[in-house]
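Step one of this worksheet: look at the structure below.
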Amino acid sequence: GERLFWSGSAGGYLAYRGRIEEFSDWLGDTMTRGATTDVVMLGDGRAPHAAAIRVIKRHGFDVRIWIVEHGYLRPDLILIEPDGMGGGSTIPQQQVGQAPETHAGPRWKGSFFRYAALDVAYHLSNVVFSKLSYPHYQAHSGIHPFAEYAGWVRKLARGPGRRKQQEQTISQIEKHEGPLFLFPLQLSQDFQLTKYGTGEPQAKVLKRILASFLAHAPTDAMLVVKVHPLDNGRTNWPEHVAFGGTRVLYLDGGDLDGLLSRASGVVTVNSTVGLTALQHGVPTLALGKAIYKAAGLTDAQSLDAFWKEPQMPDNARVDAFCQLLRFGFHVSGTFDGPGAVI
């Protein structure tokens, strides 16, 4: 898949065909011989990426590390961050407000179906051809692509039923007059969740949140558990949410901005929805390690206390922090279509 999308204009292509256990030694030797100046990686959570960072630090190489990913701020923005991202970020939050004045650049619109087509081409090429030239290849997620796609097929087949359930849930939310809280689910294989979360499976986190909500939130409060847009349905989240009874609703889809416009608070592990909530002026509690978890931004109370009296973010500090992120660590672009071409 890497070779399939490698542009000839990008220069030479050096392939590693050995085992992951031997990758660090190979990379160290390669960087020594090649006088490497920069290392660029998509995220920093996959085994080869973590190994590369360890090699650079262990050998004391004078090499710049760049992490490229979907932006903290969305849409139409790509993150380019040195050294680490998310829970491993080195962004100096104490320097909020000192972001460089930079032209915002053009706006690019990504396409889910175009991005999905690229994803399918990448993974199918790995499944069909990898063993021929990369005999030790292993998918980074640990989940076979066909299992992933089977989940999407089942989810698409349930489309009419899902839309009807979504409409009913949205109707219930609109009729609700008490406090409204939101817990956005993350993808279970998200490295930010597994590396910098609470150390628990997301299902266990959800159960703990539901128990706290039922015991400590006002009796007229409602909690909405919103599934991640790219969740393919392999986990039966409605079954987990049912533990909360009638005061907890499961929402698959819907308008996030509309929810945030009337939300009393957001609880998250470390989803980017937390940053979006802060931009909407919504009190936000981050249970894990997050780029935006700081004084003046997120609520520092316990989970039990949060339901009773959520603390508002400092809007001026939120604006300054987002200014720093936007002009210090993001560029306009997408990973598909015209926005992917520089």
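The values are calculated or read from the model by the stated rules, or taken from the named source; none is laboratory data. Just so it is clear, the model here is predicted, and its values are computed rather than measured. Quick reminder, even Gly has a Cβ in these numbers, built from the backbone with ideal geometry, and neighbours come from all protein chains shown. Just the protein is used for accessible areas: all its heavy atoms, side chains included, with ligands, DNA and RNA removed. Shrake-Rupley method; radii C 1.70, N 1.55, O 1.52, S 1.80 Å.
Quick one: of K164/K207; K204/K289; K164/K308; K204/K226, which pairs are farther than 22 Å apart, Cα to Cα?
K164/K207; K164/K308
Tell me, what HN-Hα J-couplings in whole Hz come from the Karplus equation 6.51 cos²θ - 1.76 cosθ + 1.60 at θ = phi - 60° for each residue of region 321-328, using x for Gly and Pro?
5, 5, 4, 4, 4, 5, 9, x
Tell me whether region 7-59 comes out rounded, prolate or oblate; compute the Cα gyration tensor, take square roots of the eigenvalues as a ≥ b ≥ c, and use a/c under 1.5 as the rounded threshold.
Rounded, because the longest to shortest axis ratio a/c is under 1.5.
To the nearest 20 Debye, how big is the dipole of the chain about its Cα centre, given +1 on the beta carbon of each Lys and Arg and -1 on that of each Asp and Glu?
720
Applying a 10 Å radius around every beta-carbon, put 186-194, 208-216 in order of their mean neighbour count, most first.
186-194, 208-216
If you roll a 1.4 Å probe over the heavy atoms of the protein chains, what accessible area per residue do you get for the chain, in Å²?
I get 54 Å² per residue for the chain.
Using each residue's phi in region 161-167, evaluate 6.51 cos²θ - 1.76 cosθ + 1.60 at θ = phi - 60° and report the 3J(HN,Hα) Karplus result to the nearest Hz, with x for Gly and Pro.
Computed from phi, the couplings for region 161-167 are x, 5, 5, 5, 5, 4, 4 Hz.
Taking the structure as given and computing Cα extents along the principal axes in Å, which label from [x] 67, 66, 35; [y] 65, 49, 37; [z] 65, 62, 44 fits?
Among [x] 67, 66, 35; [y] 65, 49, 37; [z] 65, 62, 44, the one calculated here is [y].
Between F181 and residues 5 or more places away or on another chain, which pairs have amide H atoms under 5 Å apart, with H built 1.01 Å from N, and which residues are they?
Under 5 Å from the amide H of F181: M222, L223, V224, S264.
Given axes a ≥ b ≥ c from the Cα gyration tensor, I'd like to know whether region 127-209 is rounded (a/c under 1.5), prolate (a/b larger than b/c) or oblate.
oblate
Can you compute 3J(HN,Hα) from phi for each residue in region 261-267, using the Karplus curve 6.51 cos²θ - 1.76 cosθ + 1.60 with θ = phi - 60°, rounded to whole Hz and x for Gly and Pro?
Karplus values, whole Hz, x for Gly and Pro: 5, 10, 6, 8, x, 10, 10.
Please work out whether region 224-292 counts as rounded, prolate or oblate from its C-alpha gyration tensor, where a ≥ b ≥ c are the square roots of the eigenvalues and a/c under 1.5 means rounded, while otherwise a/b larger than b/c means prolate and anything else oblate?
The shape class here is prolate.
Springs between alpha-carbon atoms under 10 Å, Gaussian network over the chain: tell me which of Y72, Y292, Y149 tops the mean-square fluctuations.
Result for the chain, Cα springs under 10 Å: Y149 fluctuates most.
With both partners inside region 33-182, how many of the DSSP beta bridges are antiparallel, as a percent to the nearest 5?
Bridges in region 33-182 are about 50 percent antiparallel.
Quick check for me: using +1 on Lys/Arg Cβ and -1 on Asp/Glu Cβ, what's the dipole size of region 188-342 about its Cα centre, in debye to the nearest 20?
Using only the charged Cβ atoms, the result is roughly 340 debye.
If you take every DSSP beta bridge fully contained in the chain, what fraction is antiparallel? Give it as a percent rounded to 5.
About 30 percent, rounded to the nearest 5.
List the residues whose amide H sits under 5 Å from the amide H of H330, counting only those 5 or more places along or on another chain, with H placed 1.01 Å from N in the peptide plane.
Here the answer is I80, since their amide H atoms fall under 5 Å of that of H330.
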